[in-house]
Each structure stands twice: as structure tokens, then as C-alpha cells.
Amino acid sequence: MKIETNLIRQMANQLLSQIQSLSFNNSQLFTNHQKIINDIYNLSNYFSVSCNRWEENEDVLVQTSKGKLNYSHNETGNALGWLFKKNNSLTFSQTIQYQYGNAALSYKALKGNISALKLYANGKIQCRLWKDKQFYPSLQIVAKADASLLSANANLRLGNDKIYARANANGWLGVCYANAKAVLNPGEQSLSLGAGASFLKGSVSCSFHFLSASITLSGTGSIGSVEANLEYSHKNREWEFGSKLGFICGLGFKVKVNY
């Protein structure tokens, strides 16, 4: 609900407009008059300060939702187009997602989200043979599954459109996951493998953007865990590498450069 701060500011200004300097021969009348002036000023100031605080916090938005199950299946493309050197791809994908409860928070540049009992599974295969009538074989395979009892994330962005910094933090309680990804084509070679389970897990990433260039540094940590991850990716004007190996306590890192 939005508070009508403009109306309240008008009330504060109207109170100030009632203040008049008067002279009295009687000292008691003068003292009472000054007390009334001070009370009016304090009341007007109270309204003004309250408006400032309300306006600072009225941008806070909290949205909650109850659990729901989502399922999607998608098939696109036609292999007959390859006979005529068309760019079309064949794609097969399935996604299952369940979330018991969710709460989202938004406050100016800071945004956050908390989810309880979250399950997610996704599989995707995409392939093609031609690009602009040139032989350009491409294969992408993605498989991912994860579950958590409680998860939370927050992100912050500071700066302008040309130069800015972004920070992101995530945390999970009672999480297990497995993922695999492979992308193979002349312009990109990526491989990612990972599996693990943790009682507590967290990650933090910071990125710095200057015009068209950016550097992203990220790290992960876990307690009560068994985890192993390896990731490598190279494509046009971008490369990324990361690894993690942990038992009981695990630490990992990732570096990504765009230029």
C-alpha cells in the first residue's frame, strides 16, 4: 500500500505557514506563544521526517506464494530441413519443478528470494548440422537435478549503464545436486560435471563491468558435504574455468572473463 506522502507534506507546510512572530507586553503571553510556535514546528518536522522514512521504505515489496508443481515438455525442429541445409535445430527438453513456498523481497537496488523445499530436474538435447548453409555441426546436452530444504539469494547492483558492479549471494540448507553439460561446436567447447550433497552450502560472486568488458569472480563453500565439480568453457570473446573438491568442508572458485 502506498502512503500519500505528498498530502502529508502539504499538511506540514500548512502548519509552518501558521507560524507568526508576535510581540507581547506580558511575558507570560510571550512564553506561551513561543511554546505554541515550537510545538507547531516540531509537529511539522515530525510529518516531514516521517514522509522521508516512508518514501525510503515504500519501495520494499514482499510477495509470497504457495507451493506448486510445474512440468513442461518441448520438442521442436524437423530433421528434413537438414537435407536443404537449413539452420533449424532439433530440440528435446523436459523440466519438472516443485516449490513448497516462496517469498520475494525487493528494495531499490537490492533484491532477494527465499524458497522452502525446492525440487528441480531438467534434461535437454539440442543438435544441428548447418549454419548459413555451411556445415557447422553442433551438439548440446544438459542434465540437471537438485533439491534443497531451504534456499535464499540476494543480489545488488550499483553504478550506471556503462560502468557498474554486481554482487550476488546464495545459500542452501540440506541440498543435493547432480549436473552435466556438454556443448560442442566450432565456436564453443564447454564441459561441466558436478555432483554433491551438503548440509550447508553458500556461494558469492562479484562482477565488474566496464563498457563491453567484464570480469566475474565467484566462490563457493560448504559444510557437511561431499562434492566434486569441474567446469571449462571457451567460446568467442569469453572463457571460464572452475573447480571444486570437498569432503566435510569444501571450497571452490570460478573465473570468467568477457572482452
* To do: Say whether the condition of being of a type in the set (Phe, Trp, Tyr) and either over 18 Å from ALA145 (Cβ atoms) or within 18 Å of the chain's Cα centre (by Cα) (or both) is met by at least one residue in segment 176-198.
  => no
* If you take the residues in segment 216-254 that are among the aromatic types (Phe, Trp, Tyr) and either within 18 Å of SER198 (Cα to Cα) or outside the structural domain of LEU200 (by the TED database) (or both), which one is most open to solvent (accessible area, probe 1.4 Å)? -> PHE247
* Asked: Quick check, is GLN63 at pLDDT below 80 and outside any strand (DSSP E or B)?
  -> no
* Pair list, Cβ < 8 Å and 6+ apart or interchain, from segment 1-29 residues that are among the hydroxyl-bearing types (Ser, Thr, Tyr) to residues that are surrounded by 12 or more Cβ atoms within 10 Å (Cβ to Cβ) and modelled with pLDDT of 75 or more -> SER23/PHE30
* To do: Kindly indicate whether LEU184 is over 30 Å from LYS162 (Cα atoms) and among the aliphatic types (A, V, I, L, M).
  => yes
* Structure fact -> Inside segment 110-127, the number of residues satisfying the requirement of being among the β-branched types (Val, Ile, Thr) and within 23 Å of the chain's Cα centre (by Cα) is 1
* Please report, ordered by residue number, the strands (runs of 3 or more DSSP E) entirely within segment 109-200 with at least 2 residues that are touching a His at 6+ places or on another chain (Cβ under 8 Å) and open to solvent by less than 50 Å² (accessible area, probe 1.4 Å). => 163-185
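The values are calculated or read from the model by the stated rules, or taken from the named source; none is laboratory data. Just so it is clear, the structure is predicted and the values come from calculations on it, not from any experiment. Cβ sites come from the backbone with ideal geometry, for glycine too, and all protein chains shown count toward neighbours. Note: areas computed on protein heavy atoms with side chains; ligands, DNA, RNA excluded. Shrake-Rupley method; radii C 1.70, N 1.55, O 1.52, S 1.80 Å.
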